[in-house]
Amino acid sequence: MSHLSTTEFKASKMAVLTVSDTRNEETDTSGGYLAQALQQAGHLLADKKIVIDDLYKIRAIVSIWIADPEIEAVLITGGTGFTSRDTTPEAVAVLFDKQVEGFGELFRHVSYQEIGSSTIQSRAVAGFANKTVIFCMPGSTGACKTAWSKIIVEQLNSQHKPCNFMPHIGL
């Protein structure tokens, strides 16, 4: 019954990637929010990077992180829209061993309550690769707050009932 919750909180090591052609450390409010939120939840920030919207550069960074046994979760913000530069889902999905279809579905459902039909323009995806869970969400800070506070924080909490992702990640 490894899918069940535990009584003790287990901190995990996470990496945050911001995909943007324009943001830097000073203007990266979405990545900054995710880094702060995961730490406030009791997790550890293993790495944080900003990369331009380039399929191969995104894939290279994520590949390094999923090969690192210390990194158990990757949070990616940006590049999930429909412009020609938005390639995060294409960059990352090929790395998945298993896709978490429910993440994109639930994100759009929750987001619909906040922004209405514009949520259809989100290509939020998630999956597992080498015992690392990867969440790809839109680049707005509001979308990151929605994804983190309404979905991700619970699934990365070993105490969340009836089940969570923690037994499926890490060593």
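The values are calculated or read from the model by the stated rules, or taken from the named source; none is laboratory data. Note that the structure is predicted; figures quoted are calculated from it, not measured. So basically every Cβ, Gly included, is an ideal-geometry build from the backbone, and we count neighbours across all protein chains shown. Surface accessibility is based on the protein's heavy atoms, side chains included, excluding ligands, DNA and RNA. Shrake-Rupley method; radii C 1.70, N 1.55, O 1.52, S 1.80 Å.
Assorted remarks:
- Among the residues of the stretch 12-30, the one identified as among the small types (Gly, Ala, Ser), assigned to a loop (DSSP other than H, G, I, E, B) and farther than 11 Å from residue 74 by Cα is 20.
- Which listed residue, of 91, 73, 126, is of a type in the set (Gly, Ala, Ser), surrounded by 18 or more Cβ atoms within 10 Å (Cβ to Cβ), out of contact with any Cys (no Cβ under 8 Å at 6 or more places or on another chain) and within 30 Å of residue 6 (Cβ to Cβ): 73
- Some residue of the stretch 64-84 being modelled with pLDDT under 95, farther than 26 Å from residue 158 by Cα and out of contact with any helix residue (DSSP H, G or I) (no Cβ under 7 Å at 6 or more places or on another chain): yes
- Condition met for residue 29 (in contact with a Pro (Cβ under 9 Å, 6 or more places away or on another chain), open to solvent by 10 Å² or more (accessible area, probe 1.4 Å) and under 21 Å from residue 148 (Cα atoms)): no
- Residue 158 being more than 21 Å from residue 33 (Cβ to Cβ) and without any contact (Cβ under 8 Å) to a residue 24 or more places away in the chain: no
- The residue pairs whose first member lies in the stretch 12-34 and is without any contact (Cβ under 8 Å) to a residue 40 or more places away in the chain and closer than 23 Å to residue 153 by Cα, whose second member is outside any helix (DSSP H, G or I) and among the hydrophobic types (A, V, I, L, M, F, W, C), and whose beta carbons are closer than 7 Å, counting only pairs six or more residues apart or on different chains, are 28/50.
- Filter pass, residue 99 being open to solvent by 10 Å² or more (accessible area, probe 1.4 Å) and within 16 Å of residue 134 (Cα to Cα): yes
- The set of residues in the stretch 31-43 that are touching a strand residue (DSSP E or B) at 6+ places or on another chain (Cβ under 7 Å) and assigned to a loop (DSSP other than H, G, I, E, B) contains only 43.
- Some residue of the stretch 7-15 being open to solvent by less than 50 Å² (accessible area, probe 1.4 Å) and out of contact with any Gly (no Cβ under 8 Å at 6 or more places or on another chain): yes
- Residues satisfying the stated conditions in the stretch 129-149, i.e. over 24 Å from residue 114 (Cα atoms) and either without any contact (Cβ under 8 Å) to a residue 40 or more places away in the chain or surrounded by 24 or more Cβ atoms within 10 Å (Cβ to Cβ) (or both): 132, 133
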